[in-house]
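Taken together, the values in this text are just the output of simple stated rules run on the coordinates, not laboratory data. Being a predicted model, the structure only gives us computed values, none of them experimental. A quick note on method: Cβ atoms are made from the backbone with ideal geometry, for glycine too, and the neighbour counts reach across all protein chains shown.
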Ligand code: ASP
């Protein structure tokens, strides 16, 4: 037997017991005649101690130890002289009676401790060493708990976990597909699924009325920070449901996660907000409702005072920032620069200081103090608040105000990551017009049903009518991050065909790409709907973190590379030929030909 206990297990109550542990040497310290060894495994760290009275063999082995050596150590559990309250085994140590080196280790390229001295890239290259560190272990444990709880909860209410294939047909859902060449079908390609969307709908046609899957999805998107080309979803679908059935079911799931993973009870139903309200009051389709500071439409109130910025604008909106009337000129100038950054894109910022000593603003020339006070009061401003106004096109200005609101929330510490504000956002527009390509795109995906009351408009040929069609779609938003999204689906072949037509697909195109699902709908498709949650992000947010990479054992970097494997990489010419592939990349290259020995086995 390699071990009797783990390195996280022994306590003062074990004092006097003879035990054997196995693990990695985190640190060796010599003090006088004593040698202390921190022995680590997945469960914790236990201190081993050897003193001068140790046998020759033990001494000789201890002398050889280096960082990350794998050892087996036996001895008696003893109460420590100087206890370490920071670790759970900190009251005891093991007095060594025997030690065996199971494997030596090269010197690790960075320190394997909670606070490492290794840079991000170096740690990524040696991910298996990074994974030995405490914070990453904690993150993966947390992920496991979340996955376990999801499976447990959904199974308990009758959902079946069913796997769907990874080699499928390319049916782009918004992003680009990763494709896989087929050797046996020259010139043809599989695609990796962006989500199991069509399969889960086919499972509904097949009668499996409650499906879920914790599943990998692949999207070849231009990478933004903290996006992974492959990521995991909790993918779900149900039959014979309307929107509220879906929301209630998955609110149950989320509440059970809050309760069983975080110990937080949510008695109240999660708030539900329309997309229109989210845009109007928060300038975003994923509002962070941990704090107020809502956007006020002040267009009518500020126009007609001969101030051209307002008078010429389609829209003027304002937020009231609590307690910031004391902002200095310099601070306001800096904020103005902040909103002018291309990411925010505002032209400028108008301010009103609702100070206790009196009201002051950058538009004093055009407004009397009474008018300013009325404006401030209309927004519910209290003495000491700062009002920030922007004007311009409605959509852009609201979005910019939304960004400013979040920034002020950050600056005022109103976005605490241990406070959770869940929210459902509903009633999204079904379609988005793109001027560049002159066509509509599905805002969610082409399988989302229009709201029943908008069906006439959906079959109208007028662009204005189609623009007004709402989707029976919903997003789950947590602390300003979209964590899940879904919809009630189209289950009528005619409506589905109309959808493809609206999206500019010819009948042949639709048949080539989606014939299988249109066909399936002709064989008794039940009404159905579902949702998918971004599992990696869900795990990070639940743990109060923003980066998802720590919650994925082997993630890609920001350029979509696995720096540990050094992938993607060139493949050998023979492999390319076999797949009927020729590269047209500018620096077209293939992997060095395998040497005779390694090539054949
Ligand atoms: N397949 C959708 C997505 O990945 C989710 C859904 O509609 O259920 O966004």
**Request:** At 37 °C and 0.692 mPa s, grab the translational diffusion coefficient of the chain from Stokes-Einstein with a Kirkwood Rh over Cα pairs, rounded to a whole number in µm² per second.
**Result:** 113
**Prompt:** Pairing the Cα long axis of helix 493-502 with the longest principal axis of the chain, what angle in degrees results, from 0 to 90 and rounded to the nearest 10?
**Reply:** 80
**Asked** Hey, what angle do you get for helix 369-378 against the long axis of the chain, alpha-carbon based, 0 to 90 degrees rounded to 10?
**Response** 60
**Item:** Relative packing of 417-423, 33-39, which averages over residues the other C-beta atoms within 10 Å, highest first
**Value:** 33-39, 417-423
**Message:** Quick check: the distance between the Cα centres of segment 332-385 and segment 309-323, to the nearest angstrom?
**Reply:** 8
**Request:** Please list the equivalent ellipsoid semi-axes of segment 419-472, computed as the square roots of five times the alpha-carbon gyration tensor eigenvalues, in descending order and whole angstrom.
**Result:** 24, 15, 9
**In degrees, nearest ten, helix 243-262 long axis to first principal axis of the chain (Cα)** = 30
**Message:** Under the rule a/c < 1.5 gives rounded, and otherwise a/b versus b/c splits prolate from oblate, where does segment 284-388 land using the Cα gyration tensor?
**Reply:** rounded
**Asked** P(r) for segment 385-479: what percent of alpha-carbon pairs falls in each 10 Å bin, starting at zero?
**Response** 13, 30, 30, 21, 6
**Asked** Taking 1 over the mean of 1/r across every pair of different Cα atoms in segment 247-298, what Kirkwood radius in Å do you get?
**Response** 12.8
**Complete:** Checked segment 425-529 against the a/c 1.5 cut and the a/b vs b/c comparison, axes a ≥ b ≥ c from its Cα gyration tensor; verdict oblate
**Fill in**
Listed with the fewest Cβ neighbours within 10 Å leading, 13, 583 appear as 13, 583
**Message:** Just to compare against my own numbers: the Cα pair-distance distribution for segment 376-423, 5 Å bins, whole % per bin, please.
**Reply:** 5, 16, 17, 23, 21, 15, 3, 0
**Message:** How would segment 160-255 be classified by its alpha-carbon gyration tensor: rounded, prolate or oblate, with rounded meaning a/c under 1.5 and the a/b versus b/c comparison settling the rest?
**Reply:** oblate
**Ratio of the Cα radius of gyration of segment 116-176 to 2.2 N^0.38 Å, where N counts its residues** = 1.72
**Request:** Send over the semi-axes of segment 14-110's equivalent ellipsoid, whole angstrom and largest first, taken as the square roots of 5 times the C-alpha gyration tensor eigenvalues.
**Result:** 19, 16, 13
